[in-house]
1. How big is the dipole moment of chain A about its Cα centre under a simple scheme where the beta carbon of each Lys and Arg is +1, that of each Asp and Glu is -1, and everything else is neutral? Debye, nearest 20, please.
2. Ordered by residue, what ³J(HN,Hα) values in Hz, to whole numbers, does region B:35-43 give under the Karplus form 6.51 cos²θ - 1.76 cosθ + 1.60, where θ = phi - 60° and Gly and Pro are x?
3. Over region A:50-103, give the accessible area per residue in Å² for a 1.4 Å probe, as an integer.
4. Probe radius 1.4 Å, ligands and nucleic acids left out: can you give me the accessible area buried at the A-B interface, summed over both chains, in Å² to the nearest hundred?
5. Please compute the average number of Cβ atoms from other chains found within 10 Å of each residue's Cβ in peptide A:65-77.
6. Looking at region B:80-128, which trypsin sites (Lys or Arg not before Pro) are DSSP coil and have at most 15 other C-beta atoms within 10 Å of their C-beta?
7. Please state the charge dipole magnitude for the protein assembly as shown, taken about the Cα centre, from unit charges on C-beta atoms (+1 on K and R, -1 on D and E), reported in debye and rounded to the nearest 20.
8. Could you tell me what % of all Cα pairs in the protein assembly as shown have separations over 25 Å?
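The values are calculated or read from the model by the stated rules, or taken from the named source; none is laboratory data. For clarity, every value in this text was computed on a predicted model and none was experimentally measured. Cβ placement follows ideal geometry from the backbone for every residue including glycine, while neighbour counts extend to all protein chains displayed. Keep in mind that these areas ignore ligands, DNA and RNA; they rest on the heavy atoms of the full protein, side chains included. Shrake-Rupley method; radii C 1.70, N 1.55, O 1.52, S 1.80 Å.
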Amino acid sequence: MSSLGKQPKTKLKAGDTLPAVVKHVSQEKINLYAEASGDFNPIHIDEAFARQTPFGGTVAHGMLCLAYVSEMMTAAFGRSWAVGGRLSVRFKAPARPGDTITTEGKVVSTVDEEGVVYANCSLGARNQKGETVVVGEAKVKLG
Amino acid sequence: MKERSTDKTSAGAGFDQLVKGYEFSPVSYELSKSAISKYLEAVAGQGGYPSSDFVPPMCVAARSLGVLSGLISLLAGAIHTSQELEFLKLVPVGTTIECHGRVVQKLQRGRLRLLVIGLSTFNQDKEQVLAGKTTLVLPG
């Protein structure tokens, strides 16, 4: 069975924290993400251009940081995340080359909707200074 | 990823043309094994995914935003400020997805220019596999 088909052995409940994912951001990774996604916005890949913007240098794609968050959700919820998972996030601050991003998540509540139990989660990611890079929420079926 | 677009207008669409309801022409991508490998390298691996028969859902999302690439390249410096996503169906490796985008909200106040784009992605059987909403702030 593929990893997406696996279900975590432990059933999560309200108050549980999700396993953090830690990633190092580099310009090389950002360039690779631009190629893989087709998003060649110069703010991500052109240092000279990005230096003229309020960011003062290149920044990672928000979706790259969101991929780290999604990896955390996959580890916690398996297939349920890949089929039926929902998220809503805001990108609060840029992730820059050299940053280390750590994801965070927590099951805030569980709710029974017509016999199907869902977990409502808070989620996010911070850089090495503790600054919030991504913040939001998610809903995913349990079990 | 092999890209096929029938869109000759979106790449040239300026902010003025992007009125509420504007629909980008669909863009198709084949999510081949090599394309997914490149994505996984970019996100520094996702334990177990490379041996999976399915595409990581965020890889599908990343490509779905490709529908906006013409707009983004035109409006260099656009900032992605928020994202909503719903993963509806697993996508097997090798699937060709078709991505649709539509302007659902447009705001211009002084130097602030904001666009909200609705995303819908379908598999080869025309089943929706992903839904989303992307908010972009554009340089004034």
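1. Numbers: 17 positive and 14 negative charges, 83 e Å.
With only Lys, Arg, Asp and Glu charged at Cβ, the dipole is about 400 debye.
2. So the Karplus estimates, Gly and Pro as x, are 5, 5, 4, 5, 4, 5, 5, 5, 8 Hz.
3. Values: 1760 Å² over 54 residues.
For region A:50-103, the per-residue accessible area is 33 Å².
4. Values: alone 8140 and 7710 Å², together 12620 Å².
Interface between A and B: roughly 3200 Å².
5. Details: counts 1, 7, 12, 4, 1, 9, 8, 0, 3, 7, 3, 0, 0.
Counting Cβ atoms of other protein chains within 10 Å of each residue's Cβ and averaging gives 4.
6. On the way: sites: B:LYS89, B:ARG102, B:LYS106, B:ARG109, B:ARG111, B:ARG113, B:LYS126; in loops: B:LYS89, B:ARG111, B:LYS126.
Passing sites in region B:80-128 are B:ARG111, B:LYS126.
7. It comes to approximately 440 debye.
8. So the portion of pairs separated by more than 25 Å is 44 percent.
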